[in-house]
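The values are calculated or read from the model by the stated rules, or taken from the named source; none is laboratory data. Computed from a prediction, not measured in an experiment: that's the story for all the values here.
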Amino acid sequence: MDTVLMRLPALVDPSEGAETATQWTDWLAGGIGLAVLIGAYVIMLIAYVRIIQKAGYSGWWVLVGLVPVLNLVMFLVFAFSTWPVLKENERLRGSGRY
């Protein structure tokens, strides 16, 4: 039993080859996590572009959302202005073509 306890620190010691396996799995897990995160960001970016386009604005307005203070101003302008798609809807209703 004494020999098992004496060898126990050698099993946990990273200097005997266990460190490279841990580094490899950490790198792999980090790479997969990064790929999932980038994929989620791309999907969210596409959704934001589609929402802004459905409101009648250009999809390029999404880039303004990356600027720290300007994104709040853009949010307020989009929230309280009349959207181009609603203006078009009112115009068509007024002409009797809708």
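For segment 52-98, which residues satisfy the criterion of being part of a helix (DSSP H, G or I), of a type in the set (Gly, Ala, Ser) and either within 26 Å of the chain's Cα centre (by Cα) or at pLDDT below 85 (or both)? Walk me through how you get there before you give the answer.
First pass over segment 52-98, keeping only residues part of a helix (DSSP H, G or I): 52-54, 59-66, 70-80, 84-95.
Narrowing further to those that are of a type in the set (Gly, Ala, Ser): 59, 65, 79, 94-95.
59, 65, 79, 95, listed by residue number.
Test residue 16 against the criterion of being modelled with pLDDT under 85 and among the acidic types (Asp, Glu), and give yes or no. Criteria met by residue 16.
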